[in-house]
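Written out below as structure tokens is the structure these notes cover.
Here, each number is a calculation from the coordinates, and none is a lab measurement. Since the model is a prediction, treat every value here as computed from it, not as a measurement. Using ideal geometry, Cβ is built from the backbone for each residue, glycine included, and neighbour counts are taken over all protein chains shown.
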Amino acid sequence: MSRGRSDDAVFDRPTEKCGVVGVSLADRDAALPTYYALYALQHRGQESAGIVTHDGFQQHQHVGMGLVGDAFDEDDVEALRGNAGIGHVRYPTAGSVDKSCAQPFSVSFKGGALGLSHNGNLVNADEVRARLADQGHAFTSDGDTEVIAHDLARNLLEADLVPAVERTMNRIHGSYSLTITHDDTVLGVRDPLGNRPLVLGELEDGYVLASESAAIDTFGGDLVRDVRPGELVVLHEDGAGYDSHQLVEEPNTAHCFFEYVYFARPDSVVDEELVYEVRRELGRHLWREAGVDSDVVMPVPDSGRAFASGYAEQAQDAGSGVEFAEGLMKNRYVGRTFIMPTQSARERAVRLKLNPIRSTVEGRSVTLVDDSIVRGTTSSQLVDLLREAGANEVHVRIGAPPITAPCYMGIDMATRDELIAADRSTEEIADEIGADSLSYLPLDAVTAAIGKSEADLCAGCVTGEYPFDVAGEESDRDAERPDVDAPADD
């Protein structure tokens, strides 16, 4: 797993995972709609982008490094023929940062052609890889997506499509949402605990699968529903419908609570909840739990905006005179990477991205609302910025619990040594970032705002207990898991 990348450390954020899409249409090429959908999912990964299509006779592929607009030109899209297609935007949490790990991953074998896009992270990839290597499989990358592709290809030589997918699901453990092409058939698969999101949408001439409903909106399509945990959805080749197969069932889910807090677009619906409204409700809970009667409440853009809006609304309902205002201006032309040759430049890099609006903060007490604190570097610099702009007091409020443990489910969130909350109290963190006060939102308030029980959410990064068995870590469930070496039933 790749953790603690230096460019992300500058802005002290958990890093987006990946985004997947799958499209099956009646009588037009899938490449251009898939390309547009990837733009809607760009926030989920900026390292690489790719599309695989199938025209009924052969598979076509294009992958490239960088943003969607950098990875494709018009000719690249036009060359991808066929009514069936899948796409991927990637940020690596397992595997190298090079074109060999860009997705979709494609493989041709005796049973046809496979393309596979993966959002998530397997916790037993090395084990399954070793088993497949012993059986003669040769790997071209160190990513876990290739492990899934090889296992599925092997199973397709021995079984029909649905039992082959079921075998693979019983062998791989961890988080995954997959879009797959098997020749010109498009599939969607979600892990049995539903850790990673996946939705199904209907178009006038076909169906689409995507990590978030915002991608369906780009087509002018209608959200049908979330793909259920442990479900395989098979889109019809003519775009006229889909088949559903519930292959694995678990008593509880483990939806990633950080999708609601930070990762998903606010206009997306994730597991039947509109993310924007969840974030506003988190902000309301934040006032109830730890409101401070300051002059102004402001968000850290962009993800803190809905939190701060809900916080201010609840404060005003409670009779507080706190005002909601934008106090930080974001430079949208600073990407995730830029030249930072010295340590002092890296420490001041946040000033290139965020600048205070002096009239909002000067001579006033300020409450700064954000979604999370990872390493503490950005929070410290933002508090300094606001004080330099004339703020009398700076209170920091966070719409999630303290992050005390790493994520093994597909978020690049840093190691325990880098996490500021791993070994410090809230008071010590407040002192370290220079805030007059600091409060986090407790987990029970988060679950209440999301409308799900703690048993149905993955909160390993704040509890240290994970929904899957991870070497050296505790699990919050005792479900027995099949041995990967045991043969699966057809």
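Treating r as the C-beta distance of Asp267 and Glu362 and R0 as 35 Å, the FRET efficiency rounds to 0.55.
What number comes out for the charge environment of Leu438, summing +1 per Lys or Arg and -1 per Asp or Glu over other residues with Cβ under 10 Å away? Net charge around Leu438: -4.
Dipole of the chain computed with +1 at Lys/Arg Cβ and -1 at Asp/Glu Cβ about the Cα centre; of Val296, Ser425, Thr415, farthest Cα towards the positive end is Val296.
If only the Cβ of Lys and Arg carry +1 and only the Cβ of Asp and Glu carry -1, the dipole of the stretch 102-186 around its Cα centre is close to 60 debye.
Neighbours of Tyr276 by Cβ distance under 11 Å: Lys/Arg scored +1, Asp/Glu scored -1, total 0.
Note down the magnitude of the dipole of the chain about its Cα centre, charges +1 on Lys and Arg C-beta and -1 on Asp and Glu C-beta and zero elsewhere, to the nearest 20 debye. The calculation lands at about 1360 debye.
With a simple spin-label model that places each label point 7 Å from the Cα along the Cα-to-Cβ direction, the separation between Gln246 and Ala130 comes to 3.6 nm. Here Val334 and Glu432 are evaluated by their C-beta separation; at R0 = 25 Å the FRET efficiency comes out at 0.50. Rg and Dmax, both from the Cα atoms of the stretch 103-247 and both in Å, are 14.8, 47. Peptides 215-223, 426-434, 468-476 ranked from most to least packed, by the mean per-residue count of other Cβ atoms within 10 Å: 215-223, 426-434, 468-476. Percent antiparallel among DSSP beta bridges with both residues in the chain, to the nearest 5? Just about 80 percent of them are antiparallel. Helix 31-40 axis versus longest C-alpha principal axis of the chain: approximately 20°, rounded to the nearest ten. Between Glu454 and Asp384, the simple spin-label model (points 7 angstrom out along Cα→Cβ) gives 3.7 nm. Here's the picture: charge each Lys and Arg Cβ at +1 and each Asp and Glu Cβ at -1 in the stretch 6-253, and of Val224, Leu161, Val68 the one pushed furthest to the positive end of that dipole is Leu161. So what is log10(I(q)/I(0)) for the stretch 275-466 at q = 0.09, 0.10, 0.12 1/Å, when the Debye sum runs over its Cα atoms only? Each listed q corresponds, in turn, to -0.32, -0.40, -0.58. Projecting the alpha carbon convex hull of the chain along each direction and taking the average yields 22.3 nm². Charged side chains reduced to their Cβ positions (Lys and Arg at +1, Asp and Glu at -1) give the stretch 6-253 a dipole of some 660 debye around its Cα centre. Per-peptide packing, taken as the mean over residues of other Cβ atoms within 10 Å, places 197-205, 288-296 in the sequence 197-205, 288-296 from highest down.
For the stretch 6-253, relative contact order (Cα pairs under 8 Å, six or more residues apart, normalised by length) works out to 21 percent. The peptide list 239-251, 183-195, put in order of mean Cβ contacts within 10 Å with the highest first, becomes 183-195, 239-251. Positive end of the dipole of the stretch 6-253 (Cβ unit charges, origin at the Cα centre): among Val23, Gly82, Val123, the Cα lying farthest that way belongs to Val123.
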